Structure formats: C-alpha cells, structure tokens
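Quick notes on the structure that follows.
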Amino acid sequence: MTDVKHMKWWGWGVDGVGFHYEDKPGFAPFVKYAVGLDLLIAQRASEPDFSDLKVGKSNASPAFAKALAAAVGADYVTTDDMVRVIHTYGKSIRDLMRIRGNIIERMPDIVVYPADEAEVQKVVDAAVAANAVVIPFGGGSNIGGSLEPLPEEKRTIVSLDLGRLHKVIAIDTDSGLARIQAGAQGPDLEEQLNKQGWTIGHFPDSFTHSTVGGWVATRSSGMQSDKYGDIADIARGLRVVRPGGMLVLRPLPSTSSGPSVREMILGSEGRLGVITEVTVQVHRTPEKRNIFAYFFPNWKTGIAAMQAISESDAAPSITRISDSRETGFTLATSKERHGFSKFTAETVLPRLMKSKGWNLDDICLSFIGYEGGESHAKLQKKIVDKIVKDHGGMGVGEGPGILYDQKKFDTPYLRDFLLDMGAAGDVSETAAPWSKLVGVHEAAYRAAQGAFDQIGIKGWIMSHMSHSYHSGACLYFTFAFVFDKDPIGEYNVVKNAIQQAFVDNDATISHHHGVGLEHSPWLEQDISAEGVKIMTGLFTSNDPKNNFNPGKILPRPATAKQAPAKAPVKAPAKKAPAKKAPVKKASTT
Ligand SMILES: Cc1cc2nc3c(=O)[nH]c(=O)nc-3n(C[C@H](O)[C@H](O)[C@H](O)COP(=O)(O)OP(=O)(O)OC[C@H]3O[C@@H](n4cnc5c(N)ncnc54)[C@H](O)[C@@H]3O)c2cc1C
C-alpha cells in the first residue's frame with residue numbers, strides 16, 4: 001500500500017503528539033478565568049475509538065474500481081474504511097466535533113493515489129466517463145468544509161489523493177522559480193528547497209500538514225506574507241488536469257492576457273480540475289532572520305503603528321500585534337520563568353509600563369520579523385524601532401520572538417486538548433481596509449458576546465492583526481467556550497455571528513481559509529449577486545455535470561442540506577482517560 005502519511009483520523013497531527021500544560025503554570029487559571037472550565041477537576045474524554053464509528057459502505061462498483069486500478073495500479077486504490085474516513089473531512093472544529101460525535105453523512109467511496117500527472121489524467125478521465133465525483137485531497141488540513149462530500153450525493157465519490165506527487169522537480173536559479181508537484185507538504189518541499197539554498201517563504205500555521213496544491217486551491221497565506229506575499233503572489237505557473245486535457249499556465253512575472261485564468265484556479269477548491277504542479281517564486285535563504293517583540297499601550301496605538309510600519313521603507317517579513325486579550329493569553333500561557341527572566345517579566349516590565357502611565361489590562365504584544373542580509377535587517381529594525389517609539393511603544397528584545405518562532409506549529413494541538421476537556425476553540429479570520437480595522441474588531445467582539453449571551457454560556461474571544469498590505473490587514477479571531485448539549489449548534493451561533501459582523505462592517509468572509517461550505521452562505525454579501533453569477537458561470541460551463549468537488553464555494557440553494565445547524569451530537573463522554581497511547585509532549589507558545 002502507499003506510504004503517504006496522513007493526520008490522525010480524529011484530530012490534528014500525528015499519533016502520539018499532543019498538547020500539555022504542566023510546564024505552563026498560568027494556563028489552567030487562565031482557562032478557568034476565560035471560559036469557566038476548571039482543568040484541575042474536569043475529566044478528560046478518552047481517545048475516540050475507530051470501532052465506535054458508523055462507517056457507510058462504499059458504493060464503488062467493481063468495474064469502476066477496476067478502471068481506477070488500471071489507471072494507477074491496484075495497490076493505489078482502496079475502499080478501506082479508515083482511509084475513507086481520513087479523506088472525508090478537513091480539520092475545522094465542526095469536522096472534529098462531527099468525527100468525534102459519529103456524524104458522517106457521506107464519505108468518499110474510493111480513494112486513489114496516482115503517482116504522476118499522467119495517472120491523475122487517467123483517473124480524472126475514468127471518473128468523468130463514469131459520471132463519478134472527484135474530490136482532490138492535499139493534506140486534509142482545510143477548515144472551510146472544502147473537502148466533505150455533499151450528504152445528498154448519489155454518485156460514486158473518488159477522493160484523489162496527491163500525496164505521491166511530492167517532489168521539487170527543478171529550480172530555475174536564474175529566475176528564482178521552482179517547479180513543485182502539488183502534493184508536496186510544507187516540510188518536505190522546504191527541505192528540498194533548503195538543500196539547494198532556497199526557501200518558498202510560505203509558512204501557514206498548518207505548514208506541517210498541508211500541501212502546495214492545497215495552498216493554491218484555498219488561497220492560503222503564511223505568517224511571513226508581508227515579505228514573500230500570499231500564495232496568490234507566490235504561485236506563478238500552474239498545471240491542472242481537466243477532463244480530456246491539461247490547463248498549462250507558464251510561470252510569468254506578469255501578463256495582460258485577459259482576465260487571469262491563474263486567478264480563477266487560485267481558490268477554486270478543486271472545482272476546476274486537479275492541480276498537479278505549481279511553479280512558485282523562491283528566494284535565497286536569508287542570511288539573517290530575527291523576530292523581535294514590542295509592547296504598545298493599547299490596541300488603537302498598536303494598529304496605527306502597524307500601519308505606519310507597513311507604509312515605511314522597513315518592509316519587515318512579519319507585522320503582527322495581539323489585542324490586549326490575546327496578549328493576556330500569551331503571557332499567561334507561556335512557560336514557567338526562573339531567575340532573572342522571571343524578575344524582568346513579572347516585576348521590571350510591569351513597573352516600567354506603569355511608570356509610563358500604561359494600564360496593564362490594555363497592553364498589546366507585537367512581533368515584527370526581519371529578514372535579509374545583515375545590514376538590511378539592521379536597517380529594517382532601526383526604522384521600526386523609531387516608529388514604535390513615535391507611537392509610544394517599547395521593544396523587549398528577541399527572546400519572546402524566538403519562542404514564538406519555535407512554537408508556532410504546535411498551537412493546533414491545543415484545539416484537540418480543549419475538545420477532550422469539553423470546550424470548543426476555533427477561529428474566524430478576515431481582512432479589511434486600515435480605516436475599518438478597529439471597527440471590525442469591535443463589531444466582531446460585540447457579535448461574539450451577543451452569541452455567547454444568546455446561548456447562555458461564558459465565552460472567550462481574542463484577536464491579532466497579521467498580514468499587512470498597503471491598504472489594510474488581516475484580523476484573526478480565536479474564540480472558545482465550554483459546550484453544552486449541542487456543541488455544533490452552539491458553535492454555529494457564535495461562528496455565524498462573527499462572520500455576519502465581518503460582512504456588515506466592510507470586511508471579507510475570509511482572508512486565507514477559503515470558502516468551502518463553511519463560508520459560502522456569505523459569499524453574495526461579500527462579492528455581490530453579480531459576482532456570484534460570474535462565478536457560477538465559471539464552474540457550470542467548465543464542469544457541466546458537476547463532477548469536481550460539487551457544492552463548494554457557491555451558496556447552496558435554500559432547499560439543499562446546509563451544514564447542520566443543530567446536529568444531534570452529544571458531548572464526548574467525560575470518561576477517565578482510557579488505555580491511551582503515551583502522548584509525546586508538544587508545547588505551545
Ligand atoms: C490548525 C490550523 C491552522 C491553519 N493555519 C493556516 C494558515 O496559517 N494559513 C492558511 O492559509 N491556512 C491555514 N489553515 C487552513 C489550511 O491549512 C489551508 O486551507 C491549506 O491551504 C489547505 O491545504 P491542504 O493541502 O491541507 O488542502 P486540503 O485540505 O486537502 O484541501 C483543501 C481544498 O483544496 C482542494 N485541493 C487540495 N489539493 C488540490 C489539488 N492538488 N488540486 C485541486 N484542488 C485541490 C481540495 O479539494 C479542497 O477543496 C489552517 C488549518 C488548521 C487546521
């Protein structure tokens with residue numbers, strides 16, 4: 001069978017790695033304060049057991065399975081239950097709740113692992129000839145409901161896993177362009193590039209388990225986007241398998257050949273074909289790479305400073321600021337300090353801030369990243385330091401930045417831990433012009449609080465700004481609450497309220513998580529009815545029989561079964577930990 005590696009069927013990452021908080025003395029008190037959950041007495045749910053899951057039978061006919069086997073080899077076609085479950089959902093909180101709650105309305109009937117582009121073409125042609133559905137699968141990390149088959153789908157569903165296409169094919173060193181197979185996951189492709197002295201510069205939080213094809217298909221953005229751009233900037237050339245032929249877009253620095261077909265593929269979530277190769281911009285690995293931490297007296301001043309930095313000649317790689325609540329979370333959940341570092345963080349710094357007249361409840365922590373040659377990085381920092389000072393902020397050195405950088409890919413494990421303990425933690429993210437950012441932030445907070453009140457729970461919301469542009473930036477909200485009898489229904493109330501606050505306040509439905517089924521109800525409010533008409537035309541004319549990942553992105557007709565608003569899911573049983581595999585300790589920042 002294939003050696004393609006998948007994440008756990010029930011959660012983030014690989015088996016044996018999980019979140020723990022024993023070395024973070026402030027974590028449990030913080031959780032109690034934020035959502036009222038006492039971790040010291042709460043009982044952890046046992047790890048989900050695959051044999052408890054109700055798995056529907058595959059409806060792939062033997063003749064169709066044979067046709068796929070002829071395309072890729074019998075070893076690379078499977079109807080195995082576990083494999084089909086892994087290919088059913090992404091990793092949104094709704095996905096995790098459903099998988100834990102035994103809610104799988106429809107799953108792929110058959111999973112194929114082609115070895116190369118020619119085999120992808122054969123699979124696509126065989127599937128379309130049989131009027132089957134094709135859902136391309138990258139790392140399965142999306143959180144937009146971009147993978148799940150529609151519950152009402154009667155046709156055979158093929159999950160086309162790109163995992164065997166994982167090579168960096170060639171680097172055009174004269175142009176700074178690398179041809180990469182679409183199924184290459186972040187660490188794999190970055191390692192292949194680094195060996196030759198290059199980097200892609202694209203580091204989403206999900207980097208460890210997502211693919212370059214998935215990044216393109218969802219319009220992803222990485223934490224160093226301020227320097228390297230979003231994937232929409234980084235991906236220059238594309239090869240896409242379509243029924244009966246290839247779409248080939250050569251890597252061009254720019255072109256005026258009509259409306260951009262490249263842009264049509266970006267964010268298409270598998271609806272226009274299967275991306276097999278992406279030519280990306282690559283950069284020489286920088287001589288210097290530092291992340292420095294700064295504090296600001298409050299959110300408004302911090303945002304103003306971020307805008308000033310983005311307009312300056314500094315051009316840092318990361319411009320990020322947490323609001324006061326997220327700052328509180330970060331400080332409360334950092335590892336235990338000792339000696340001088342403890343004294344500085346807990347005594348000297350607060351004293352200094354108070355002496356400046358700051359209210360400690362309002363302070364905001366910022367990380368700014370510098371990359372490039374030694375002198376360039378130094379100059380960038382000098383410019384930023386002045387802007388920070390002019391805005392009344394202060395620098396606190398590189399130490400917290402190093403920690404942030406080291407722990408950035410561990411945070412996703414926290415969601416599984418909270419679910420085990422009976423709490424939901426999830427995110428909503430958006431982008432808006434600078435003039436609207438503070439208003440969007442306030443509106444999302446109001447909306448979340450209204451939703452918490454509506455369902456009668458003590459909830460928590462916090463936010464940071466990242467990914468700066470000339471005219472605006474991304475706001476990223478994290479919310480959490482202890483769920484009651486209807487976890488998904490309660491989650492939907494909160495998530496829907498925040499999404500509605502975005503579109504009501506001139507912000508987009510998503511800056512980098514895509515649309516899928518999760519955000520499609522707001523698409524028309526985001527791009528107008530005419531925008532939806534153009535997009536509908538694009539999908540229906542290019543895929544008249546709706547074979548490619550049907551139902552995603554476009555708003556579903558009112559009669560269609562939307563994501564369950566009130567799913568009959570029970571909270572995971574609060575049992576004492578059963579015979580669990582020992583959990584390797586992963587830390588969070
Ligand atoms: C904890 C966590 C943190 C995250 N952080 C970030 C972040 O910082 N930035 C960010 O941008 N996103 C983030 N995401 C979201 C997710 O990682 C991205 O959407 C990612 O781009 C998905 O890539 P994937 O390879 O996992 O795609 P999948 O989840 O496998 O697929 C996503 C969609 O793309 C389609 N697709 C995948 N591969 C292809 C292909 N080769 N051809 C055509 N269609 C294809 C699928 O059909 C599906 O519609 C995060 C998710 C989680 C769970």
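The values are calculated or read from the model by the stated rules, or taken from the named source; none is laboratory data. None of the values given here were measured: they were computed from a predicted structure. Neighbour counts are summed over all protein chains in view; Cβ atoms, including those assigned to glycine, are modelled from backbone coordinates with ideal geometry. Keep in mind that these areas ignore ligands, DNA and RNA; they rest on the heavy atoms of the full protein, side chains included. Shrake-Rupley method; radii C 1.70, N 1.55, O 1.52, S 1.80 Å.
Name the residue, out of D323, D233, that is under 26 Å from E398 (Cβ atoms), under 21 Å from the mean Cα position of the chain (by Cα) and either within 16 Å of the ligand (Cβ to nearest atom) or at pLDDT 95 or above (or both).
D323
Of all residues in the range 458-468, how many are in contact with a helix residue (DSSP H, G or I) (Cβ under 7 Å, 6 or more places away or on another chain) and open to solvent by 10 Å² or more (accessible area, probe 1.4 Å)? Explain how you work it out, then say what you get.
Initial filter on the range 458-468 (in contact with a helix residue (DSSP H, G or I) (Cβ under 7 Å, 6 or more places away or on another chain)): 458-465, 467-468.
Imposing the further condition that a residue be open to solvent by 10 Å² or more (accessible area, probe 1.4 Å) reduces the set to 458-460, 462, 464, 467-468.
Within the range 458-468, residues that are in contact with a helix residue (DSSP H, G or I) (Cβ under 7 Å, 6 or more places away or on another chain) and open to solvent by 10 Å² or more (accessible area, probe 1.4 Å) number 7.
Kindly list the number of the only condition in (1) without any contact (Cβ under 8 Å) to a residue 60 or more places away in the chain; (2) within 23 Å of the chain's Cα centre (by Cα) that fails for T478.
Failing condition for T478: (1).
Whether any residue in the range 118-129 is among the acidic types (D, E), closer than 26 Å to I180 by Cα and more than 25 Å from the chain's Cα centre (by Cα) is what I want to check.
yes
With the checklist (1) under 30 Å from Y21 (Cα atoms); (2) among the aliphatic types (A, V, I, L, M); (3) at pLDDT 50 or above in hand, flag the one item A581 doesn't pass.
Tallying (1) under 30 Å from Y21 (Cα atoms); (2) among the aliphatic types (A, V, I, L, M); (3) at pLDDT 50 or above, A581 fails exactly one: (3).
Exactly one condition in (1) at pLDDT below 95; (2) open to solvent by 50 Å² or more (accessible area, probe 1.4 Å) is false for K533; which is it?
(1)
Looking at (1) away from the ligand (no atom under 14 Å from the Cβ); (2) open to solvent by 30 Å² or more (accessible area, probe 1.4 Å); (3) acidic (D, E), can you tell me which one D109 breaks?
(2)
Looking at (1) free of Cβ contacts under 8 Å to residues at least 40 places away in the same chain; (2) not in a loop (DSSP other than H, G, I, E, B), which is the only condition T255 fails?
Looking at each condition in turn, T255 falls short on (2).
Kindly check whether there is at least one residue in the range 164-176 that is among the basic types (K, R), touching a residue at least 24 places away in the same chain (Cβ under 8 Å), more than 8 Å from the ligand (Cβ to nearest atom) and within 27 Å of L96 (Cβ to Cβ).
Residues of the range 164-176 that are among the basic types (K, R), as a first pass: 164, 167.
Now drop any that are not touching a residue at least 24 places away in the same chain (Cβ under 8 Å), which leaves 164, 167.
Restricting the remaining residues to those that are more than 8 Å from the ligand (Cβ to nearest atom) gives 164, 167.
Then drop every residue that is not within 27 Å of L96 (Cβ to Cβ), which leaves 164.
Scanning the range 164-176, I find at least one residue that is among the basic types (K, R), touching a residue at least 24 places away in the same chain (Cβ under 8 Å), more than 8 Å from the ligand (Cβ to nearest atom) and within 27 Å of L96 (Cβ to Cβ), so the answer is yes.
Would the range 398-412 turn up any residue that is away from the ligand (no atom under 16 Å from the Cβ), open to solvent by 40 Å² or more (accessible area, probe 1.4 Å) and not in a helix (DSSP H, G or I)? Even if it seems obvious, please write down each step before you answer.
At the first step, the residues of the range 398-412 found to be away from the ligand (no atom under 16 Å from the Cβ) are 398-403, 406.
Okay, now just the ones that are also open to solvent by 40 Å² or more (accessible area, probe 1.4 Å), so 398-400, 402-403, 406.
Checking which are not in a helix (DSSP H, G or I) leaves us with 398.
Taking every residue of the range 398-412 in turn, at least one turns out to be away from the ligand (no atom under 16 Å from the Cβ), open to solvent by 40 Å² or more (accessible area, probe 1.4 Å) and not in a helix (DSSP H, G or I).
Yes or no: G139 under 23 Å from the mean Cα position of the chain (by Cα) and either closer than 16 Å to A67 by Cβ or crowded, with 20+ Cβ neighbours inside 10 Å (or both)?
Against the criterion (under 23 Å from the mean Cα position of the chain (by Cα) and either closer than 16 Å to A67 by Cβ or crowded, with 20+ Cβ neighbours inside 10 Å (or both)), G139 qualifies.
Yes or no, residue by residue, for (1) open to solvent by 30 Å² or more (accessible area, probe 1.4 Å); (2) at negative phi; (3) touching a His at 6+ places or on another chain (Cβ under 6 Å); (4) at pLDDT 95 or above:
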site: K5; (1), (2), (3), (4): yes, yes, no, no
site: D15; (1), (2), (3), (4): yes, yes, no, no
site: P29; (1), (2), (3), (4): yes, yes, no, no
site: Q43; (1), (2), (3), (4): yes, yes, no, no
site: A60; (1), (2), (3), (4): no, yes, no, yes
site: A63; (1), (2), (3), (4): yes, yes, no, yes
site: A71; (1), (2), (3), (4): no, yes, no, yes
site: T79; (1), (2), (3), (4): yes, yes, no, yes
site: V85; (1), (2), (3), (4): no, yes, no, yes
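Cβ contacts < 9 Å: first residue farther than 14 Å from C474 by Cβ and among the hydroxyl-bearing types (S, T, Y), restricted to the range 213-241; second residue assigned to a helix (DSSP H, G or I) and more than 10 Å from the ligand (Cβ to nearest atom), any location; separation 6+ or different chain. Result?
Y228/I234
Within the set of pairs 6+ apart or on separate chains, which have a first residue in the range 331-350 that is more than 26 Å from H20 (Cβ to Cβ), a second that is surrounded by 12 or more Cβ atoms within 10 Å (Cβ to Cβ), and C-beta atoms under 8 Å apart?
Final answer for the pair search is L349/F295; L349/V396; P350/L360.
Look through the range 236-277, keep the residues that are among the small types (G, A, S) and open to solvent by 60 Å² or more (accessible area, probe 1.4 Å), and return whichever of them is farthest from the ligand (Cβ to nearest atom).
Of the residues in the range 236-277, the ones among the small types (G, A, S) are 237, 244-245, 254, 256-258, 260, 267-268, 270, 273.
After this cut, where a residue has to be open to solvent by 60 Å² or more (accessible area, probe 1.4 Å) as well, the list is 244, 254, 256-257.
Working: G244: 17, S254: 23, S256: 26, S257: 22 Å.
Ranking the qualifying residues of the range 236-277, first place goes to S256.
Go through the range 194-217 and count every residue that is more than 8 Å from the ligand (Cβ to nearest atom) and over 18 Å from G229 (Cα atoms).
5
It is to be established whether one or more residues within the range 119-129 are within 11 Å of the ligand (Cβ to nearest atom) and assigned to a helix (DSSP H, G or I). Give the derivation first.
As a first pass, look at the range 119-129 and keep what is within 11 Å of the ligand (Cβ to nearest atom): 120, 124.
Narrowing further to those that are assigned to a helix (DSSP H, G or I): 120, 124.
Taking every residue of the range 119-129 in turn, at least one turns out to be within 11 Å of the ligand (Cβ to nearest atom) and assigned to a helix (DSSP H, G or I).
Test F452 against the stated conditions and say whether it is at pLDDT 95 or above, among the hydrophobic types (A, V, I, L, M, F, W, C) and either part of a helix (DSSP H, G or I) or surrounded by fewer than 23 Cβ atoms within 10 Å (Cβ to Cβ) (or both).
yes
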